[in-house]
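Only one structure is covered here, and it is reproduced in the block below.
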Amino acid sequence: MCPPEHFTVEYAINPWMDTSVPVDPDLAVKQWDRLRETLVGLGHTVHVLPAQPGLPDMVFAANGAFVVDGTVYGARFKHEQRAAEAAGHRAFYESQGWQFMAPTETNEGEGDFAYVPDAHGGLILAGYGFRTDPAAHAEAQEVLGRPVVSLRLVDPRFYHLDVALAALDDGNIVYYPGAFSVASQRVLAQLFPYAVLADDTDALAFGINLVSDGYHVVLNHEATGLAHKLAAVGYQPVPVELTEVRKGGGSVKCCIAELRH
Ligand code: ARG
């Protein structure tokens, strides 16, 4: 995770960003701290990447890389404004002894890649249409040695895969069908017949932008409908407030890069 010390909305690269809406910087840091404490309280180790001035979106740490089985596929951001973030992530992984693979194709890390370890022996789900180039899906498959299923995103409000789909445990996912092309919806229905389906209210409340340990599901507090749905099928929802970074177009998952050994 990377603290929102320099977080602002000073450019708009997704439909949620409005440069005329003010951000409360102290509240942003307070809410982020609470998210970090929540993860630690659930037994996770959280590494903190130093925030860099001039990189307001660096709080969205999920976009910096995608890690599977100890191998790190680095990010290459689509927008110039975020390009320099990649080096900070790379430095972290290299200093910690991870096997880092630099990308040649445009991709925004876990923003557009999800991993489901027990689905078909380990399946990577990958989004394209707004940020990540489909060529990066093939590159990720070569680097990570897992099958990659390409899914086309069609609604600009769901510009990254991680606002439309998330792994709930080692074998199942939650997704919002309306974010995907009809063909990609069919692919998801075939691969995950028991998936939890989110509705547009859940999705627009950033409910799917969640992190789960297989039981506890940490999600945006506004997504009350999805929290009930998840509780009804045996998960434990853990709501957190992230009103400030939400103004940048992200919530829980966007703030967290998952390290998979
Ligand atoms: N303002 C950031 C952008 O548009 C938000 C990124 C959200 N991150 C995510 N993993 N969806 O790039």
Among the residues of region 150-157, is there at least one that is touching a Gly at 6+ places or on another chain (Cβ under 7 Å), part of a strand (DSSP E or B), surrounded by fewer than 19 Cβ atoms within 10 Å (Cβ to Cβ) and not hydroxyl-bearing (S, T, Y)? yes
So the check is Cβ under 8 Å with 6+ separation or different chains; which pairs have a first residue in region 35-63 that's among the hydrophobic types (A, V, I, L, M, F, W, C) and a second one that's open to solvent by 40 Å² or more (accessible area, probe 1.4 Å) and not in a loop (DSSP other than H, G, I, E, B)? L42/H216; V46/R36; V46/V40; V48/R36; A51/E5; A51/H6; L55/H6; M58/H6
Search result, residues across region 88-138 that are of a type in the set (K, R) and within 16 Å of the ligand (Cβ to nearest atom): R131
Could you go through region 220-234 and let me know if any residue there is open to solvent by 10 Å² or more (accessible area, probe 1.4 Å) and hydroxyl-bearing (S, T, Y). yes
Pairs with Cβ under 7 Å, 6+ apart, first in region 247-261 and closer than 17 Å to H44 by Cβ, second more than 9 Å from the ligand (Cβ to nearest atom) and among the aromatic types (F, W, Y): C255/W32; R260/Y115
Hey, can you tell me all the residues within region 125-168 that are among the charged types (D, E, K, R) and without any contact (Cβ under 8 Å) to a residue 60 or more places away in the chain? R131, D133, E142, R152, D155
Cβ-Cβ distance below 6 Å, separation of 6 or more or different chains: which pairs start in region 204-219 with a residue that is closer than 11 Å to P237 by Cα and end on one that is among the basic types (K, R)? L210/K253; V211/K253
Verdict on K247 being open to solvent by less than 20 Å² (accessible area, probe 1.4 Å), closer than 27 Å to G74 by Cα and among the charged types (D, E, K, R): no
Open to solvent by 20 Å² or more (accessible area, probe 1.4 Å) and among the charged types (D, E, K, R), is that true of K253? no
If I ask for residues that are touching a strand residue (DSSP E or B) at 6+ places or on another chain (Cβ under 6 Å), assigned to a loop (DSSP other than H, G, I, E, B) and surrounded by 16 or more Cβ atoms within 10 Å (Cβ to Cβ), which ones from region 70-109 would you list? A75, W98, P103, T106
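The values are calculated or read from the model by the stated rules, or taken from the named source; none is laboratory data. Bear in mind that the values here come from a model prediction, so they are computed numbers and not experimental data. So basically every Cβ, Gly included, is an ideal-geometry build from the backbone, and we count neighbours across all protein chains shown. Calculation scope for accessible area: heavy atoms of the full protein, side chains included, ligands and nucleic acids excluded. Shrake-Rupley method; radii C 1.70, N 1.55, O 1.52, S 1.80 Å.
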